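K.L.:
Got a structure for you, written out below as structure tokens; questions coming shortly.
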Amino acid sequence: MDIDKNILKTIAPHKTEYEKPLILIKGELIKLGQRAPEENWRDWIWAENRNKESGWIPIQIVDFSEDKTAGIVLENYSAKELNIKTGELVTKIKSINGWTWVKRESDNAEGWIPDETI
């Protein structure tokens, strides 16, 4: 039997605090705010696009301006979080800075969940 190591079972629930996720397109100019104050989330920074939509993004996808108040997005990005319940099966797609982008097996919905939930 071949076991897929990318399929994980959630060990805790997660509910998003942000109902309207920030969507960014590669090459887009963004305004940058503060980095996350929590030690675990230091590599996340608050960003705002030209439509005044905002959310947390990983610093790795930003080409920062010299004064670090703006930047260019290096890849397409969605801040969509996935609401999950304990015991759900998810496929790990990518991980960064304490969060993992997953696809829920039951309905193929995708989004970010904190690593402590898997």
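K.L.:
State the number of residues belonging to the stretch 84-94 that are in contact with an Asp or Glu (Cβ under 7 Å, 6 or more places away or on another chain) and of a type in the set (Ser, Thr, Tyr).
P.N.:
Qualifying residue count, the stretch 84-94: 1.
K.L.:
Hey, another quick one. Please determine, by comparing only the residues of the stretch 5-30 that are more than 12 Å from the chain's Cα centre (by Cα) and in a strand (DSSP E or B), which one is surrounded by the most Cβ atoms within 10 Å (Cβ to Cβ).
P.N.:
Applying the filter and picking the extreme gives Ile30.
K.L.:
Given the conditions (1) within 30 Å of Leu89 (Cβ to Cβ); (2) in contact with a Lys or Arg (Cβ under 6 Å, 6 or more places away or on another chain), and given that Trp56 satisfies all but one, which numbered condition is not satisfied?
P.N.:
The number of the failed condition is (2).
Rundown of residues vs (1) without any contact (Cβ under 8 Å) to a residue 24 or more places away in the chain; (2) in contact with a Gly (Cβ under 8 Å, 6 or more places away or on another chain); (3) at positive phi, yes/no style:
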position	(1), (2), (3)
Thr10	no, yes, no
Ile23	no, no, no
Lys31	no, no, no
Asn40	no, yes, no
Trp44	no, no, no
Asn51	yes, no, no
Ile57	no, no, no
Gln60	no, no, no
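K.L.:
Can you tell which of Glu38, Glu53, Glu19 is within 18 Å of Val102 (Cα to Cα) and at pLDDT below 95?
P.N.:
One residue alone meets the criteria, Glu19.
The values are calculated or read from the model by the stated rules, or taken from the named source; none is laboratory data. Bear in mind the structure is a predicted one, so any value in this text is a computation, not a measurement. So basically every Cβ, Gly included, is an ideal-geometry build from the backbone, and we count neighbours across all protein chains shown.
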